[in-house]
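Peer 1: Handing you a structure now.
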Amino acid sequence: MTIANKLNYRQPLHRGVLDPNRIRATQAGMWAWLWQRISALAILVFLVLHLTLTYRPLLQFCLLFTVTFHAVLGLRVILIDFGLVHVRYQKLLLAGLGLLGAVMLAIVWFGIY
Amino acid sequence: MAETKGGKKTFKVFRYDPAKGGEGHFDTFDLEIEDYYATTILDVLFRIQREHDQSLSFRYACRVAMCGSCGMVINGKEGLACKTVVADLKTPEITLRPLNHFPIVKDLTVDMEPFFKKYEEAMPYFDPAEEASEPAIVRPDTWERKAIDMATDCIACGCCVSSCTMAFWHKDYLGPAALNRSMTLLADSRDGLHDERLATAMESCYNCRLEFNCTEVCPKEISPTRAIKYIHRMAISQGPGLAQRLSPAPEPVALPAPEPLTPEMSRRRFLGRSAVSLGVVAGAALVGLVSVSALSAAFKKPECKWVSLGPLEKLTAAPGEVLTIYADYSLEDGFYKRQEHKPVLVEMDREKNKVTAFNSRCTHLGCTVHWDQQKKLFLCACHGGTFFPDGTVKSGPPPRPLDRYETKVSGGQLYVLEA
Ligand code: SF4
Ligand code: SF4
Ligand code: FES
Ligand code: FES
């Protein structure tokens, strides 16, 4: 008989449960991961809207924005995965790629579109 | 010297009593702290135990961030109670709770068994490939040593596993600490268990979603994420053929009769096939959609536009003469903007006040037709096509008269409708 059977163990706590500091404890990398999933869903929604309601500038911008955002986060994962950027720079990578994304977005929206 | 200051602080400590059971709750303790910089969370816990509640349970051993026993969640972030000083925590209220993902024994004490079980699974021991009588010398400046560097400093505190959401969602995931340990041995060229270790690590390493939580919280400043990425790359370079290396191909035997499909297998097959066919259909639809939208512009008929040939009064010609005027205009053709510069043959009849404009493309194969003043005929540059001044065919292969442009006069300018 192990000690666990004698004692009345409580189920493990789950990250964030009962924790008033949940948001503050979420680090940059985890936000990046979360937002990548969220933006993927947003792309799906905006893509469908874009195909059904054509030529709505606001919608088109939303789609472009979410795609850029998603791509930025995806690039971060690719660069780190392939060891092209050291993990030490993961936060810098977020900022740098974010900036690059914003510039590309501006070029596409104001220059080409 | 750091600024010395102190004051009142509120500590909310998670309490759970195994004798009573239940969900657990937070107890609040107000403490007067003399010096925020000199007081660790472990000191605070001692004081709470001495001054407020002797039944408070927590773990510690070394008090100098070496043993890893005092890992807990301090203000939402994992850390060592003996290493964290009150000054590090800016909030007026400080929450202390046990590590996530481990069963709670009492208050802040958790059962670390799941942690060490996974650690064990990762084969955390060194097994030399060759027996050596002398200790091996690994120079600190070698690439091999640098690759593992800090990763060897793990004190097995469990903070990283507690911070990793993937360790919660994937029950079989070995987690950051075990994989970090795995990596230090995988990078060792003397390791005799390399293939087995890699196989185990590969089962797990793709559960990591690059959250960097483990890297952020590790009190030893280790980056398990980096270690996991190292394993990923190793898996790519050494993974193929690993199964064969581990279990050499068996002697070929006669094929057994095919087993009847179990419901489980047929369901898998069905799901697999559905997924593949759905993928194919979706792919085809996507390709179709993209190509149609990409090519539609190319198939579109170019728009007709009115092209100016210049002011009418300047177009003077002797009776019976045909003018050759060059029209310059741009045309959108599919994706491209095309600059046109082509002759238009204009016949003016001042008496009847009539203008006729001919397209200079021969109706046979499209060579350019020019006006011959001597012969008073339109001559094609090749194939011998000849047209009368009214555009009808005189001789040669052209099947029909020259094409005429629609014309209009507006604002004193002569326009032709050009495609
Ligand atoms: S890697 Fe860091 S956080 Fe994880 S167990 Fe080791 S010392 Fe603790
Ligand atoms: S980087 Fe990987 S191992 Fe570390 S916390 Fe995130 S998912 Fe877990
Ligand atoms: S008491 Fe040993 S690490 Fe904190
Ligand atoms: S192209 Fe003019 S006659 Fe053949």
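The values are calculated or read from the model by the stated rules, or taken from the named source; none is laboratory data. A quick note: this is a predicted structure, and the numbers were derived from the prediction, not measured. Methodologically, a virtual Cβ is constructed for each residue, glycine included, from the backbone with ideal geometry; neighbour enumeration extends over all protein chains shown. Only protein heavy atoms, including side chains, enter the accessible area calculation; ligands, DNA and RNA are left aside. Shrake-Rupley method; radii C 1.70, N 1.55, O 1.52, S 1.80 Å.
Peer 1: Can you work out the Karplus-derived ³J(HN,Hα) for every residue in the range A:31-47? Use 6.51 cos²θ - 1.76 cosθ + 1.60 with θ = phi - 60°, whole Hz, and x for glycine or proline.
Peer 2: Result, rounded to whole Hz: 4, 4, 5, 4, 5, 5, 5, 5, 5, 4, 5, 4, 4, 4, 5, 5, 5.
Peer 1: OK, next. Excluding ligands and nucleic acids, what accessible area in Å² is computed for B:Trp306 using a 1.4 Å probe, to the nearest 10?
Peer 2: Ignoring ligands and nucleic acids, B:Trp306 comes out at about 90 Å².
Peer 1: Please list, in chain and number order, the residues 5+ apart from B:Ile94 or on another chain whose amide H is under 5 Å from its amide H, with Hs placed from the backbone.
Peer 2: B:Thr10, B:Phe11, B:Lys12
Peer 1: Once B and A are treated as a pair rather than alone, how much accessible area drops out, both sides summed, in Å² to 100, probe 1.4 Å? Before the final figure, lay out each step's value.
Peer 2: Working: alone 25260 and 8890 Å², together 31020 Å².
Chains B and A together bury approximately 3100 Å².
Peer 1: For n ≥ 4 DSSP H runs only, could you compute -39500 (n - 2.57) per run for the protein assembly as shown, divide by its residues and tell me the 222 nm figure to the nearest 500? Show your work: numbers first, answer last.
Peer 2: Numbers: 15 runs with 189 residues, N = 532.
Dividing the helical sum by the residues of the protein assembly as shown leaves -11000 deg cm²/dmol.
Peer 1: Give the long-range amide H neighbours of B:Phe358: residues separated by 5 or more places, or on another chain, with amide H under 5 Å away, using H modelled in the peptide plane at 1.01 Å from N.
Peer 2: B:Leu345, B:Val346, B:Glu347, B:Tyr405
Peer 1: Using only the alpha carbons of the range B:298-419, what is the convex hull's orientation-averaged projected area in square nanometres? Let's see the in-between values first.
Peer 2: Numbers: hull surface 32.7 nm².
Its average projected convex-hull area is 8.2 nm².
Peer 1: Quick one: give the max-minus-min coordinate of the C-alpha atoms of chain B along each principal axis, largest first, in Å.
Peer 2: 122, 76, 54
Peer 1: Using the Karplus equation 6.51 cos²θ - 1.76 cosθ + 1.60 (θ = phi - 60°), what ³J(HN,Hα) coupling, rounded to whole Hz, does each residue of the range B:388-403 give in order, writing x for Gly and Pro?
Peer 2: Using θ = phi - 60°, the values come out as 6, x, 7, x, 6, 6, 9, 7, x, x, x, x, 8, x, 4, 6 Hz.
Peer 1: Can I ask one more? Full-extension gain between B:Glu351 and B:Cys62, please, as 0.36 nm times their residue separation minus the C-alpha to C-alpha distance.
Peer 2: Working: separation 289, 0.36 × 289 = 104.04 nm, distance 11.62 nm.
This chain segment gains 92.4 nm when fully extended.
Peer 1: Now for a different question. Among B:Leu365, B:Leu278, B:Leu193, which one shows the highest mean-square fluctuation when chain B is modelled as a Gaussian network with alpha-carbon springs under 10 Å?
Peer 2: Result for chain B, Cα springs under 10 Å: B:Leu365 fluctuates most.
Peer 1: With the cut-off at 32 Å, tell me which of the pairs B:Lys90/B:Lys229; B:Lys9/B:Lys229; B:Lys83/B:Lys117; B:Lys106/B:Lys171; B:Lys8/B:Lys118; B:Lys375/B:Lys408 have Cα atoms farther apart than that. Walk me through the intermediate numbers first.
Peer 2: Values: B:Lys90/B:Lys229 34 Å; B:Lys9/B:Lys229 41 Å; B:Lys83/B:Lys117 26 Å; B:Lys106/B:Lys171 23 Å; B:Lys8/B:Lys118 41 Å; B:Lys375/B:Lys408 29 Å.
Distance filter (> 32 Å) returns B:Lys90/B:Lys229; B:Lys9/B:Lys229; B:Lys8/B:Lys118.
Peer 1: Right, another one. Apply the Karplus parameterisation 6.51 cos²θ - 1.76 cosθ + 1.60, with θ equal to phi minus 60°, to every residue of the range B:364-378 and state each ³J(HN,Hα) to the nearest whole Hz, in sequence, with x for glycine and proline.
Peer 2: Karplus values, whole Hz, x for Gly and Pro: 7, 10, x, 5, 7, 9, 10, 8, 9, 5, 5, 7, 6, 9, 8.
Peer 1: Which of B:Ala294, B:Ala227, B:Ala81 moves most in a GNM of chain B, Cα contacts under 10 Å?
Peer 2: B:Ala294
Peer 1: How far apart, in nm, are the 7 Å Cα→Cβ label points at B:Lys5 and B:Ile236?
Peer 2: Between B:Lys5 and B:Ile236, the simple spin-label model gives 5.0 nm.
Peer 1: Something else about it: What number, in percent, do you get for the relative contact order of the range B:153-287 if the mean sequence gap of Cα pairs under 8 Å and at least 6 apart is divided by its residue count? Can you show the working numbers first?
Peer 2: Details: 105 pairs, mean separation 32.8, N = 135.
Relative contact order comes out at 24 percent.
Peer 1: Quick one: plug the Kirkwood hydrodynamic radius of the protein assembly as shown (C-alpha pairs) into Stokes-Einstein at 25 °C, 0.890 mPa s, and report D in µm²/s.
Peer 2: On the way: Rh = 31.2 Å.
So the translational diffusion coefficient is about 79 µm²/s.
Peer 1: Moving on. Would you please give the FRET efficiency between B:Ile137 and B:Asp17, computed as 1/(1 + (r/R0)^6) with r the Cβ-Cβ distance and R0 = 41 Å, to the nearest 0.05? Provide the component values of the computation, followed by the final result.
Peer 2: On the way: r = 53 Å, r/R0 = 1.30.
Efficiency for this residue pair is about 0.15.
Peer 1: Which whole-number percent is the relative contact order of chain B (Cα, under 8 Å, 6+ apart)?
Peer 2: Numbers: 679 pairs, mean separation 37.8, N = 419.
Computed value for chain B: 9 percent relative contact order.
Peer 1: Expressed as a rounded percentage, what relative contact order does chain A have, with Cα pairs under 8 Å and six or more residues apart?
Peer 2: On the way: 54 pairs, mean separation 25.8, N = 113.
About 23 percent, as a whole number.
Peer 1: Which aspartates and glutamates have a Cα less than 17 Å from the Cα of B:Lys376, not counting those fewer than 8 places away in the same chain?
Peer 2: Hits, sequence-local ones excluded: B:Glu321, B:Glu347, B:Asp349, B:Asp390.
Peer 1: Quick check of the Kirkwood formula: for chain A, what is the inverse mean of 1/r over all pairs of different Cα atoms, in Å?
Peer 2: On the way: mean 1/r = 0.0584 Å⁻¹.
Taking the inverse mean of 1/r over all distinct Cα pairs, chain A comes out at 17.1 Å.
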